[in-house]
Each structure stands twice: as C-alpha cells, then as structure tokens.
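One structure below.
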Amino acid sequence: MIKEYLKYGEFEETVHHFEKECKNKGKVVPKPRGNSLRDSKTLIIQKDLLSSFDDGDFKVFFELWTEFVPLEVRDCDPHAQKLEFYLHVHFTIFPLKIHLGRHDRADFEVRITHFKHYLETRGAALSQTTEFLPYYALPFVPNPVVHPSFRDLFQESWIPERKRELEKFLTVTLTVSDTPRLLSLYQLQLQLAEAEKRTSSYMRRFNKMQADHHNLIGVTAELVDSLEATVSGKMISPEYLQSVCVRLFSSQLRQSAAQSIDFTRPGTASSLLRASIVPQRPKEVPLLPSLDYDKLKRDLLGGSDRLKALLLQALCWRLTRSLQGEQRDTVLQAYVSNDLLDCHSTRQKPVLLLMRSKNEMVRQYMARLINAFASLAEGRVYLSQVPSLLRLLIESIRTEEKDSVSRENVLGALQKLSLRRSQQSAMIEDGLIDWLVDELQDSDCLSDYTLEYAVALLMNLCLRTRGKRKCAENPKYVLKVLTDLLGHENHEIRPYVNGTLYSILCIHAVREEAKEMSMEEILHCYSKEENPELNRQIEFIIKQLNSEEGPESDDEEEDDDDEEDAIETDLDKEEVLQLQPRELSGETLLTTEYLGIMTNMATRVKRRSAAPLGRSVDEPLQRPVTPISHRNTHIMQYTAPAKC
C-alpha cells in the first residue's frame, strides 16, 4: 500500500529508494501496481458481472453493479436506465428458462418480490414510458411463458442480445477507482471520526430534547388546568405566573431574579422562560485525574511539533469536553493554578509563544486552546493578565490565512476577551477597529463564524467612547460598511450591526454623515421584514439619528462585569490531527504519560450574575456580549450559530 501511494503521487525517486531498502532488509519487494493492475481488476469485475448474468445470480450481480457503475451514470444516463430495467427482467424470468421444480418455483417467487421492489423504487421513473409499461404487469401474470405480451422474452435470441448490450456498456462505463488504498483508508478514518462526532452530538441533543419533552408535558397539563379555570371566570394573576416560573425553573434561574420581574408587562413571563432553558448540571460527576504540569510544559516547549500538537489538542479537549459545572471548573482551576500557558513565567520562551510556531498544526491547536480559555470567565481573567497575549493574537489574525481554523479561533478568543474593559481598551489602541471594518467590507467572502464574531467584536469595541470616536475619524466608510451588513443574508448579525449603529450615532460627526447619506431612508428599507423586535430596534436607531446630542461618555472607570461561561458546542470542529498506529491522544495521552499527584485545586465558588434586565428587549444591544452567550441567555430573543 505504501508503494502504491508513492507511485500514485509520482514520488519516483522515493519509490526507488523504498524498493532498494526493502531488498537490503530482505523484505519482499511489492509487485508494481499501476494501470496494468487497474486494467486487470476491471477485467475481473467485468468477468464476475457477466458470469453472474449467465448464472442468474441477481444478488451478486447487483452488488457489483451498484459498487462499480458510477451512481451518476445509473441515475442520469437513459441507456444505463434502460439496460438496468431489462437486467431486472432477465433475472426475474431466469428460473422460467429452465424446468421448474419446487425449488425453482420458490426461487421465482423471491425474484418476483425483488422485481416488485425495483418497480416501486428505481424503476418507478420509467412507468410512463411506453416501451416498459407492459413489464409492470409481469409480477401479476400467473404464467408469463405463455402470455402474448411477454413472448419476446422467451425467444432464444433475447438473452444473447442483452448480454452483448451489457458487455458493450461495461467496456465503456466500468471504472475502478485508482485512488490508492492507503488514501482510501485515511478518508474512511476521517469519515468514521466525523460520524462518531455527529452521533455523540445527536445523542446529547436527543437526551436534552427528551428531558425537555417531559418537562413540557407537565407544564402543558398545568396550563390547561389554568385555561379551564378561566372559562369559569377565574383569572390568572401575575403572582400565579411568577410562582409557576419560580417553581418550574428554580434550578436554572436565581429565585431572587425571577421574583423581581414585573409580570404585568406582556411578554415578560415568556422571555423569562426562554432565558431559563439551559442544560441542567449533572449530579455526582467525577473529577478528572490530576496531571504533571511541569512535565507537560517541558514537552510543550521541547517536544516535537507533532507531540506539541497532540498535547495542545488533548488539553483543549479536557476543557471543552468536560461536563459543565464542578468538573469543568476543576479543570480550569488546575490549568490556571499551574500556569499552563506560562502567563506568569519569566522564561524567555513561554508556552504562549507557540502561537508563532512555524508549524501550522501547532499554531492551530494553540489557538483552539486559547479560544477555549477565553470561553470561560475565569479563563478570561487569567488571559487578561498577560499584556503580550493581545499582541500575539492580533499579529496572528493579521497573518493567518483568511477563514482558516486558526484564524477563526483567534478571532473567537479576541471577541470573548472583548467582554473585559481593559482588553477593549488595548484592542482599540492597537487599531483593531480599522482592521475589522476593512475585513467586513467584503463580507460575502467571510465564513459565517468569522462574519458573526467580527461584527460582535466591532460592536463591543464601539460601546466604548474611544471606539466611537475612532469610527468618527472616517464615518462615511464605517456607515457604508454597516448599512451594507444590514442587507446580508446572515440575519444573525443584525443585533450586533444595530447595536454598533446605535452606539456610534451618539457622535455628532457620525450623525451628520448619516443624514448626508440618507441613513433614515436606508433604515426604513430594512424595517419591513417580519421581525418586530428588530424593527423596534430600527426605530431606536432612527430616534438616535435625529437626536440633537447623545451621551458620549461610557464611564471609563466602570468595573468589569464579566461572568459569562459560554463554550460553543462544536468548538472542536474540523479536527485535522489524525492518529498514527499505536499513538496516544486526548485523555488517554494525558493520563498515560502525564499523570500527576494531587494537582487538582479546590474549586472556588463562582459568583453568578443574572442576565442584565435593565434594557428592554426592543432596544439595541448596549453592553458587551458574545454570540454564543447572547444565544444562550436569549437577551434579545435571537439565536446565533455556535461554530468554532
């Protein structure tokens, strides 16, 4: 298989040295594999098909037919469809060509059943063709041999004619993949890994849906009782709604938050219920084994590039695949307390500098790990303590290939770090707003993830006074990019575009430029869509546009209020690091080679703040958010796809 792959890739010198070394080591030199072998294999398959035709073995024949005749030929070529129809007829009447005994009669019944199934599936498309129409009665004729409609089928010339047509068709059409077996195995491995990932995701979704279904049955029963009571004149009070919400969602919502909401306002209860739909914390989840972080960091700095990539992948998985709650909190606390990324290290080459590795795989998995850190509030606190980190990330986002997995993860990390004011200030100072606007100018060339996180990052930066003033340096350009984004087919970005517009229009120069370009008329064009919440946001933006003065101060001394934990469900997407034989990965690699002694630290109780309730759901966003947390909390009742 190795020699076959090398020849396929035209590595002729490598093949020569490979054969020479095989001889020197006493290995059997493989026979050449190339066109001659493929031609030989084609002839063998053709011979098997013709032999099955002669023997009347329809099962073997159609297995080979399905495997080696290309699907596009079978589905789209009229000649192939006609031949396939007559082949089914041939195999159906085959027992009638010989003396029918009891065994042959049973075989004929099986073939009739198979033919019926074909007529109802692939053969159904030919049912309106005059040539084939009589054969749709074949399964229902007691004795086709004597029936005048099928007289031609039992002429001695009929089978030889079909065989000649088959031979001619196979000679022209039959193809055997020249893809080397080694590459085929690799492709199958990728497909298997992807299928296993999808299966795991579907099972988690199924379990969540099943639990939600049971909850909905209980809720529905109680609501039906309440509706029946209203028929008798008993009204449903706001206090009753409040008690239901507090009782049913006490595990997801803080009771004080639920009790403080004004249920007399229409839609408030439903908003609260939607905001409460978050996965329940599993009970009695075991902690993951402790690790030897000193050895881990030594190998991350001094190991081979492949080992570095495998370790970064395993460390990222340990964080993203741990169960939300105590298990994940313990993993993160262990990473932070052992300074996994060397954020507090005085060494010349800390782990963070792997972002500048010449190996793309190492850079990609380093970016994935940083993005995972940034997805958690405590992780952002840890990352924010390193002034050089932002420089590394911004350098990376400007140099990595557009829409690569590495670049997407770096952008995701920056967006999540922008929840913190100190990081916002540094990003604005480093000119990230200009870069984002330039990037969004050609939005159709961006992936959904890049587009969404870039717009959300721009909004977070424009919530700051310095960010607004930065946009005011070239307001015409910024407004042109934002108004173009209003018409983008990805409607998930609209809340962030609206939030950005609302923020920067408090600057007089921006308002004047907006009026110059007839911004109000443009906004009215986008308020005709069937989305009342977004339409009301447009109204707020227009009101801001027509105001005389807007507040430009955003209280620069305000403390960070960053308590969001939001890891995307598919943060480990597009895995490209495939295992070699006997190679360890993931948790197996960590616990086999890097098992530590009591390095897990006691998990601190984290303060959780309720979702901000001081803003109407109709107003544009006026505080920093990330797309995934915005979706999870339903702050504005919109959803955004998680992708990382």
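Structure summary
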| read-out | value |
| --- | --- |
| Interchain or long-range residues, amide H under 5 Å from L595's placed H | D292 |
| Sparse-neighbourhood loop sites, GluC sites (Glu not before Pro) in segment 356-439 - DSSP loop, at most 11 other Cβ within 10 angstrom | E401 |
| Integer Hz, Karplus 6.51/-1.76/1.60 couplings in order for segment 49-62, x for Gly and Pro | 5, 5, 5, 5, 4, 5, 7, x, 8, 6, 5, 5, 4, 6 |
| Unit charges on C-beta of K, R, D, E only; dipole of segment 35-173, Debye | 180 debye |
| Partners for K27 among lysines (Cα-Cα distance below 27 Å; same-chain residues under 8 apart left out) | K3, K7, K41 |
| Potential lengthening between N207 and D484 on full extension [0.36 nm per residue; Cα-Cα distance subtracted] | 95.6 nm |
| Ranked S418, S201, S406, criterion: other C-beta atoms within 10 Å, fewest first | S201, S406, S418 |
| For C22, C471, C76, order by how many other beta-carbon atoms lie within 10 Å, fewest first | C76, C22, C471 |
| Exceeding the 28 Å Cα-Cα cut-off - candidates K23/K358; K208/K295; K308/K416; K402/K470; K59/K82 | K23/K358; K208/K295 |
| Among V60, A80, S149 - extreme Cα towards positive end, dipole of segment 35-173, charges at beta-carbon | S149 |
| Efficiency of FRET from Cβ geometry, K515 and K234, R₀ 45 Å, rounded to 0.05 | 0.25 |
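No lab work stands behind these numbers, since they all come straight from the coordinates. Being a predicted model, the structure only gives us computed values, none of them experimental. Using ideal geometry, Cβ is built from the backbone for each residue, glycine included, and neighbour counts are taken over all protein chains shown.
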